[in-house]
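Shown next, in structure tokens, is the structure this report addresses.
Derivation of every value follows stated rules applied to the coordinates shown; laboratory data play no part. Keep in mind that what you see is a predicted model, and the values were worked out from it rather than measured. Cβ coordinates were reconstructed from backbone atoms using ideal geometry, including for glycine residues, and neighbour counts include every protein chain displayed.
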Amino acid sequence: MFLIRLASRFLLPFLLLLAAAGPAAAEKKPVYVGLDAELGYAGSTSAQAIRMGMLIAMEEVNQAGGVLGGRPLQLIERDNKSLPARALENLKELAAQPDLVAVFGGRFSPTLLESLPLIHALKLPLLDPWAAADGIVDNGYAPNYVFRLSLRDSWAMPTMLRHAAKKGSKRVGLLLVNTGWGRGNHKAAEAYVALHPEMKIVGTQWFNWADTNFLDKYTALKQAGAQAIVLVANFEASQLVREMAAMPKAERLPLVSHWGMSGGNFAEEAGPALQEVDFALVQTYSFIGAKRPKAGQVLAAAQRLFGVKDARSLAAPVGVAHAYDLTHILARAIDRAGSTERAAVRAALEQVRDYEGLIKRYPQPFTPARHEALSLEDVFMARYAPDGAIVRIVDR
């Protein structure tokens, strides 16, 4: 039974795409797209959401005739379990696959940051639908083989700090994971405060992924005068929320959070405590209340292919949305390149124009000077509803 389940898991993407390809496309040699992400990371939903968005977009591309005159797109996936060393080996394997044009990454910024030298040595386009560290794209390589359709920390932090200020919390404490992602956010916070002297960082506390107690760090920031806590964390956030919910209500500061925990079972792990704490997180897209026509189209495909009940039950929605739009942009770049030659696809990604996407209309997603498809204007704050859905906070 184990072998059957394992085979089903890894054959699913291939079978979905084979069924989706039209007769002409199915007869031609596939064009491969890789996914190297944290598929086996316990409690994570981010990589699965990215895969979902990719497969929905690939089905649409293949049903419309594929790329390069009828060749179907086909997914090849690898599980890096969020380990940089595993990611490097996976990238070498994927790069050895003929007709593989690009690799999508996952949620963890440190993994992508560690991959940058190899990506550029291999001349392998890396498409980032989640990881937010500025340095992933601002990497100093020319030509730059990394393209992102996602949040970046220098947009997340201003959005978070502005939200705190609107709540009357202009003295904030930073509680940050001690990784490249956390350190990048620290720099972004300091840069924002330097331009907005009405805001003040009263202290910074660092933690490691293995930490299980945050009460001392939270208390130190509160005693330093913090009126709100700006949090950069993944699943550790659920422990902090539970610890805070056990405090008297007057002792609970607002938590203004980056989005790492939205790639996992955070609401379930935090439990009822989540509704006892003022918790807000950064997002870039929500299917709930979405107006663009593709929202219903993508959601219907998620229901049909993956058994998703509705928009409120869709896990890690930003991963689905980002990967969907990024896959369609890649398909247009492949056609523009006229081949599967990776350097040509990389150059073509900078030339794609006028894509009517799920998230928005992209007049030109990427240019030689800009490898970020989204912008600060696409970022907003959200909250967890009692049913676990991530709902946009509407400023009044």
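Quick notes on this one:
- Entry note, the chain: relative contact order of 17 percent, from Cα contacts under 8 Å with a spacing of 6+ residues.
- Net charge dipole size for the range 74-230 [Lys, Arg +1 and Asp, Glu -1 on Cβ; Debye, nearest 20]: 680
- Helix-only [θ]222 nm of the chain, DSSP H runs n ≥ 4, -39500 (n - 2.57) each, per residue, nearest 500: -13000 deg cm²/dmol
- Both numbers refer to the Cα atoms of the range 154-283; Rg and Dmax are 13.3, 38 Å.
- Local electrostatic count at Gly357 - Lys and Arg +1, Asp and Glu -1, tallied over other residues with Cβ under 14 Å: +2
- Between the range 331-384 and the range 256-296, the alpha-carbon center distance in angstrom: 25
- Sequence of Val320, Val241, Val345 once ranked by neighbouring C-beta atoms within 10 Å, starting from the fewest: Val345, Val241, Val320
- Here the spin labels are modelled as points 7 Å beyond Cα on the Cα-Cβ line, and at Asp378 and Lys200 they lie 3.7 nm apart.
- Computed extension length for Gln297-Ala64: 82.4 nm, one decimal, from 0.36 nm per residue of separation with the Cα-Cα distance subtracted.
- Which of Trp181, Gln239, Gly168, positive extreme of dipole for the range 145-300 (C-beta unit charges): Gly168
- Under 20 Å of direct C-alpha separation, and excluding same-chain neighbours fewer than eight residues apart, Lys92 reaches these aspartates and glutamates: Asp36, Glu38, Glu77, Asp79, Glu114, Asp128, Glu341.
- Taking GluC sites (Glu not before Pro) as exposed when DSSP calls them loop and at most 12 other C-beta atoms lie within 10 angstrom, the chain has its longest site-free stretch at 199-396.
- Only one residue of Gly40, Val193, Leu118 has its Cα farthest out toward the positive end of the dipole of the chain, where Lys and Arg carry +1 and Asp and Glu -1 on Cβ, and that residue is Val193.
- With R₀ fixed at 30 Å, the C-beta to C-beta distance from Arg312 to Arg162 puts the FRET efficiency at about 0.65.
- Cα Rg, Dmax, the range 66-221, angstrom units: 19.0, 62
- Asp99 sits among other residues whose Cβ lies under 14 Å from its own Cβ, and their net charge, with Lys and Arg +1 and Asp and Glu -1, is +3.
- For the range 266-396: relative contact order, % (alpha-carbon pairs under 8 angstrom, 6 or more apart): 30
- A cut-off under 14 angstrom between Cβ atoms defines the neighbours of His196, and their net charge, with Lys, Arg +1 and Asp, Glu -1, is +3.
- Length added when fully stretched, Tyr141-Arg171, from 0.36 nm per residue minus Cα-Cα: 7.1 nm
- Full extension of the chain between Arg392 and Ala246 gives 49.9 nm of extra length, using 0.36 nm per residue less the Cα-Cα distance.
- With a Förster radius of 25 Å applied to the C-beta separation of Lys360 and Ala191, the computed FRET efficiency comes to 0.45.
- In this simple spin-label approximation, Asp211 and Glu268 carry label points 7 Å from Cα along the Cα→Cβ vector, and these lie 2.6 nm apart.
- Percent antiparallel among DSSP beta bridges (both partners in the chain, rounded to 5): 25
- Distribution of pairwise C-alpha distances over the chain, 20 Å bins, in %: 29, 57, 14, 0
- Simple Cβ-charge dipole of the range 278-396, Lys/Arg +1 and Asp/Glu -1, about Cα centre, in debye nearest 20: 240
- 17 Å tail of the calculated P(r), the range 41-126, as % of Cα pairs: 52
- Choice from Asn80, Asn213, Asn234 showing the highest fluctuation, given a GNM over the chain with Cα pairs closer than 10 Å: Asn213
- The range 154-283, dipole about Cα centre (Lys/Arg Cβ +1, Asp/Glu Cβ -1), debye to the nearest 20: 520
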